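Engineer: Supplied in structure tokens, the structure appears directly below.
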2 protein chains.
Amino acid sequence: MAAEAAVREQAEAVRRLKQDKADPDEIAKEVAKLLEMKAQLGGDEGKHKFVLKTPKGTRDYSPKQMAIRERVFNAIIACFKRHGAEVIDTPVFELKETLTGKYGEDSKLIYDLKDQGGELLSLRYDLTVPFARYLAMNKITNIKRYHIAKVYRRDNPAMTRGRYREFYQCDFDIAGQFDPMIPDAECLKIVHEILSDLQLGDFLVKVNDRRILDGMFAVCGVPDSKFRTICSSVDKLDKVPWEEVRSEMVGEKGLSPEAADRIGEYVQLHGGLDLIERLLQDPKLSQNKLAKEGLGDMKLLFEYLTLFGITGKISFDLSLARGLDYYTGVIFEAVLLQQENDHVEEPVSVGSVAGGGRYDGLVGMFDPKGRKVPCVGVSIGIERIFSILEQRVEASEEKIRTTETQVLVASAQKKLLEERLKLISELWDAGIKAEVLYKKNPKLLNQLQYCEDTGIPLVAIVGEQELKDGVVKLRVVATREEVNIRREDLVEEIRMRTSQP
Amino acid sequence: MAAEAAVREQAEAVRRLKQDKADPDEIAKEVAKLLEMKAQLGGDEGKHKFVLKTPKGTRDYSPKQMAIRERVFNAIIACFKRHGAEVIDTPVFELKETLTGKYGEDSKLIYDLKDQGGELLSLRYDLTVPFARYLAMNKITNIKRYHIAKVYRRDNPAMTRGRYREFYQCDFDIAGQFDPMIPDAECLKIVHEILSDLQLGDFLVKVNDRRILDGMFAVCGVPDSKFRTICSSVDKLDKVPWEEVRSEMVGEKGLSPEAADRIGEYVQLHGGLDLIERLLQDPKLSQNKLAKEGLGDMKLLFEYLTLFGITGKISFDLSLARGLDYYTGVIFEAVLLQQENDHVEEPVSVGSVAGGGRYDGLVGMFDPKGRKVPCVGVSIGIERIFSILEQRVEASEEKIRTTETQVLVASAQKKLLEERLKLISELWDAGIKAEVLYKKNPKLLNQLQYCEDTGIPLVAIVGEQELKDGVVKLRVVATREEVNIRREDLVEEIRMRTSQP
């Protein structure tokens, strides 16, 4: 049996990977392969065997995961609504050419649909480009909207760290011609509110400006043609040390060592208003028009953030670059900081959970006349937040209810299915959340156990005697207390006992 | 200028279509083409011109449409939760082979993704097959869940009638081995509750059973091999008259005229418990095992529906067939009835808004050992409901708010931006939904106009005098009443004045 030998070989491979403490994703992949091989082998009915899995880089959400997901969404939506946002939705796919030329090198990660005749389509890569298309198409020059939906990237998934090929984005954007930095400041306030609300631990929002970056490159002696590529090197500074980035600039990208060293001096700077003031006096930067504009706006931004009382968690950071092509002004990124403890001197970043910036040119790319609509927005990286909260729930052994059922309609005796159905129908019609076991004659013990398992707080028990007396026995699952309630008062009693404090 | 001539020609074509009162979708298509041609012509900057549109058969949702959509979703979700359902989510695409062989002739409507290396993927066609895959993959034998998500069909769109290529399904399913017809009855109760809640006008739920259909085909003399195809002919009876269906059966599908006529007698029958009793005595049907089983269960179902008090809107209808391959027992479909008026004798169906049935074999198709998990479920056809409600809102001129903002923070004098930002920050932090105009010195009139336009009920006005006195002037937009509120009482005052009655 060659197939059985292959399974044994695969099992051995998995064992070795685990022993070597290999990458968890790698192990998971090989385990999946093993299970699949076993499944193929196990079947003996000669029918076609399906590979039972979701596509690479995607996942189902179980009811428990959905409960956590809804909590997070509710917090985020509440914040977006608090700031007066409307909501829109767009199709999951766009015309392929709508996405072309918006994402630079990342365009290779776009999912295309098969050409089945008709238009060429691609799955959306983010919510920003569809938003810009929507504005141009409907000639909207002024809107504050949020959009929560899935986006698609054929990237290398790292699912244990919350990186998927199908993932949610929660975007809030302000489009329109306004006085400088007021909407930009609101976006940062929103990030601050959401990350505080969700209690994910300490965080830091790094802020920079594309104009400051470009001005910096210019005064450091980077040729215009190299701005983009040097910018994408700088973007790596949150993951790799300066020495490596420098050698990429000089070695791979052909920048002069002197220019690289000048950049090196700038990109290690971070601070607040004091740093902005200092750079406004910087003999080189202050001579550059773009940098001066950017710094002037950065100063204004920090004044507004001071009024919002949130500068404590905001850092002007010259190393922040962000990859996407379409940014034109302020850019920012929020990172969670590792909890401090005795062994760690300084809090370390564990990854980005929100980001955004200003993109004043994107809508104009879609408008036939090139009319611009200035935009600034923020995107909350919900998947990493899910991962963190999921792990926290697992660790805390907190019991999460996945239904909201208030009462189970039960009976202690046989032949009362009809009476149970009659009662539950009354409760449903009165708006009570109620369940009944789908059995003709369930045991009372099983009915009570169902309540324990699913967290249903009350049981409404009908029996021969109760029916005669015109009452229902209401049992509180937690205390086992039982009281007879007149049938006409039952709805009110259930409402009262299950109303949120 | 050949291009301009082409535009004129197209404009003429559109004019003719309108004059001929052609199909609105057809007109819309030609108008879009015209606009596109005009846009191409209009641009003179030499840059590439985008076609500004969403893919065929899809649409954006504007904030107003989203407000209507949320109302409908909230009513449906409330009902699903009232019945104790959990919620799950699955990826928008599945492995192609997961969808293969589940949809019969309709499989040609599935969207495939381009082969970019790796797995072959398709967009989901419904939520039922992903649900079955989820159950088999996670070895779940018992769950009551809902799932609301978009599905994709490369069908001929008829957008004015609410038929899209990307559309929402709202599914509620009960999986597990239970006593007969109790979950089936609950699904019908749910349809009844939702359609009543949404106040869409009168409706009727047609019910049948695949076993009754198959038994009927057998006793009418349809050969086994033709069951499927004759069933799909019967499925057309809600759209075309019997004579046409009969000639398809006899002419195209080679059924004997006698068999067709026997079918014709059955499929015009519809009724309630009385009809079921009569058919249980039918000399031919009562001899067929499948039909007898189906009729027995139908009787039980109607007994439960009687307990739920909903038989008034449920009709056992032998002409109901439903196309999908996977149904094995009860099937049903809800249709809205046209409002009765003097000119119409009998209410006429204007289209299906919900459907479902029992599919006991689907999960087994995914299980390596073929283990079955009986399932019954209902799918609410939300798009047609949207269309109806949207038209109703348009007609009623009801003003729908698209934000929930409680208060606009405003000022009457200049140079008070900082004070506005300080105040709004306090309000946001207290959970008040507040907006501010993004201008340094907006006119009071413009600020008040913004409230009128967007339905914001209150304005909090800061001015020099108010700041000195430690108060804020609160203005009620509707009545123009103004009162000074102490700053520390402002949050409470806004809450009180904007709390829902």
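The values are calculated or read from the model by the stated rules, or taken from the named source; none is laboratory data. Owing to the predicted nature of the structure, the values given are computational and were not obtained by experimental measurement. Ideal geometry is used to build each Cβ from the backbone, glycine not excepted, and the neighbour counts take in all protein chains shown. Calculation scope for accessible area: heavy atoms of the full protein, side chains included, ligands and nucleic acids excluded. Shrake-Rupley method; radii C 1.70, N 1.55, O 1.52, S 1.80 Å.
Engineer: Counting partner chain Cβ atoms within 10 Å of every residue's Cβ in B:59-72, what's the average?
Structural biologist: 4
Engineer: Starting from the Cα of residue A:480, move 7 Å in the Cα-to-Cβ direction to define the label point; list residues of region A:408-423 whose amide nitrogen is under 20 Å from there.
Structural biologist: Hits in region A:408-423 for residue A:480 at 20 Å: A:408, A:410-413.
Engineer: Looking at region B:71-171, which trypsin sites (Lys or Arg not before Pro) are DSSP coil and have at most 12 other C-beta atoms within 10 Å of their C-beta?
Structural biologist: Counting only loop positions with at most 12 other Cβ atoms within 10 Å, the trypsin sites (Lys or Arg not before Pro) in region B:71-171 are B:139.
Engineer: Also: Rule-of-thumb check for region B:251-375: C-alpha Rg over 2.2 N^0.38 Å?
Structural biologist: 1.26
Engineer: Nearest-5 percent of antiparallel DSSP beta bridges in region A:407-499?
Structural biologist: The antiparallel fraction comes to roughly 55 percent.
Engineer: If you wrap a convex hull around the alpha carbons of region A:171-241, what volume per residue comes out, as a whole number of Å³?
Structural biologist: Hull volume normalised by residue count: 148 Å³.
Engineer: While we're on this one: Any chance you could count the Lys pairs in region B:42-140 whose alpha carbons are under 24 Å apart, treating pairs 8 or more apart or on different chains as valid?
Structural biologist: Qualifying lysine pairs in region B:42-140: 12.
Engineer: Set the Förster distance to 45 Å, then compute FRET efficiency between residue B:108 and residue B:415 from the Cβ-Cβ distance, nearest 0.05.
Structural biologist: So, using R0 = 45 Å, E works out to roughly 0.10.
Engineer: Something else: Using only protein heavy atoms and a 1.4 angstrom probe, determine the accessible area buried between B and A, summed over both sides, in Å² to the nearest 100.
Structural biologist: 9000
Engineer: Would you please give the residues with an amide H less than 5 Å from that of residue B:338, counting only those at least 5 places away or on a separate chain, with H modeled from the backbone geometry?
Structural biologist: B:348, B:349, B:350
Engineer: Can you tell me what the convex hull of the Cα atoms of the protein assembly as shown projects to on average, as an area in nm²?
Structural biologist: Its Cα hull, projected and averaged over all orientations, spans 51.3 nm².
Engineer: What does the charge count near residue B:411 come to, summing +1 for each Lys or Arg and -1 for each Asp or Glu among other residues with Cβ under 11 Å from its Cβ?
Structural biologist: +3
Engineer: Among residues other than residue B:74 whose Cβ falls under 13 Å from its Cβ, what is the net charge (Lys/Arg +1, Asp/Glu -1)?
Structural biologist: That works out to +2.
Engineer: What distance in nm separates the two pseudo spin-label positions at residue B:286 and residue A:97, each 7 Å out from Cα along the beta-carbon direction?
Structural biologist: 7.0
Engineer: At residue A:155, label 7 Å along Cα→Cβ: distances to the other copies, nm, ascending?
Structural biologist: Ordered by increasing distance: 3.5 nm.
Engineer: So, one more: Any idea of the accessible area per residue across the protein assembly as shown, 1.4 Å probe, to the nearest Å²?
Structural biologist: 45
Engineer: Assuming a ≥ b ≥ c are the square roots of the Cα gyration tensor eigenvalues, decide whether chain A counts as rounded (a/c under 1.5), prolate (otherwise, with a/b larger than b/c) or oblate.
Structural biologist: Prolate is the answer for chain A, as a/c is 1.5 or above and a/b outweighs b/c.
Engineer: Answer with one residue from B:54, B:191, A:385: the one whose Cα lies farthest towards the positive end of the charge dipole of the protein assembly as shown, charges on Cβ with Lys, Arg +1 and Asp, Glu -1.
Structural biologist: Towards the positive end, the residue furthest out is B:54.
Engineer: Please give, to one decimal in nm, the separation of the simple spin-label points placed at residue B:155 and residue B:228, each 7 Å out from Cα toward the Cβ.
Structural biologist: Placing both labels 7 Å beyond Cα along the Cβ direction yields 2.0 nm.
Engineer: Where in region B:442-495 are there GluC sites (Glu not before Pro) that are in a DSSP coil and have at most 11 other Cβ atoms within 10 angstrom of their Cβ?
Structural biologist: Taking region B:442-495 and a limit of 11 other Cβ atoms within 10 Å, the loop GluC sites (Glu not before Pro) found are B:481.
Engineer: Give me the net charge for the shell around residue B:304: Cβ to Cβ below 9 angstrom, other residues only, Lys and Arg +1, Asp and Glu -1.
Structural biologist: Around residue B:304, the surrounding residues sum to -3.
Engineer: Please list, or write none, the lysines whose alpha carbon is within less than 17 Å of the alpha carbon of residue B:299, excluding same-chain residues fewer than 8 places away.
Structural biologist: A:440, B:189, B:206, B:289, B:313
Engineer: If you take the Cα atoms of region A:66-220, find Rg, then find the Kirkwood Rh from the mean of 1/r over all pairs, what is Rg/Rh?
Structural biologist: Numbers: Rg = 17.7 Å, Rh = 18.0 Å.
Using Cα coordinates only, the ratio equals 0.98.
Engineer: If you don't mind, there's one more thing I want to ask. Using a label point 7 Å beyond Cα on the Cα-Cβ vector, give me the inter-copy distances for residue A:71 in nanometres, one decimal, shortest first.
Structural biologist: 3.3
Engineer: Quick one: if the Förster radius is 25 Å, what FRET efficiency do residue B:77 and residue A:390 give, using the C-beta to C-beta distance and rounding to 0.05?
Structural biologist: 0.65
Engineer: From the mean inverse distance of alpha carbon pairs (Kirkwood) and the Cα radius of gyration, derive Rg over Rh for region B:334-464.
Structural biologist: My calculation puts Rg/Rh at 1.32.
Engineer: Calculate the dipole size of chain B relative to its Cα centre from +1 charges on Lys and Arg beta carbons and -1 charges on Asp and Glu beta carbons; express the result in debye to the nearest 20.
Structural biologist: Once rounded to the nearest 20, the dipole reads 1340 debye.
Engineer: Under 5 Å between amide H atoms, partner at least 5 residues away or on a different chain: which partners does residue A:209 have, H built in plane at 1.01 Å?
Structural biologist: Here A:331 satisfy the definition.
Engineer: Still on this structure, I have one more. Along Cα→Cβ, 7 Å out, is where each label goes; now give me the distance between the ones at residue A:26 and residue B:430 in nm to one decimal.
Structural biologist: Label at residue A:26, label at residue B:430, 5.7 nm between them.
Engineer: For region B:140-155, in order, what is each residue's ³J(HN,Hα) by Karplus, 6.51 cos²θ - 1.76 cosθ + 1.60 with θ = phi - 60°, in whole Hz (x at glycine and Pro)?
Structural biologist: With coefficients 6.51, -1.76 and 1.60, one gets 8, 10, 7, 7, 10, 9, 10, 8, 10, 6, 7, 10, 9, 9, 7, 9 Hz.
Engineer: Among B:118, B:6, B:319, whose Cα sits farthest toward the positive end of the charge dipole of chain B (+1 at Cβ of Lys/Arg, -1 at Cβ of Asp/Glu, about the Cα centre)?
Structural biologist: About the Cα centre, the residue reaching furthest to the positive side is B:118.
Engineer: Any idea which of A:291, B:436, A:142 is furthest toward the positive side of the dipole for the protein assembly as shown, if Lys and Arg beta-carbons carry +1 and Asp and Glu beta-carbons -1?
Structural biologist: Highest projection toward the positive end goes to A:291.
Engineer: Taking only the alpha-carbon positions of region A:407-499 and ignoring solvent, what does the Debye formula give for the base-10 log of I(q)/I(0) at q = 0.15 Å⁻¹?
Structural biologist: For the requested q values the scattering log ratios are -0.49.
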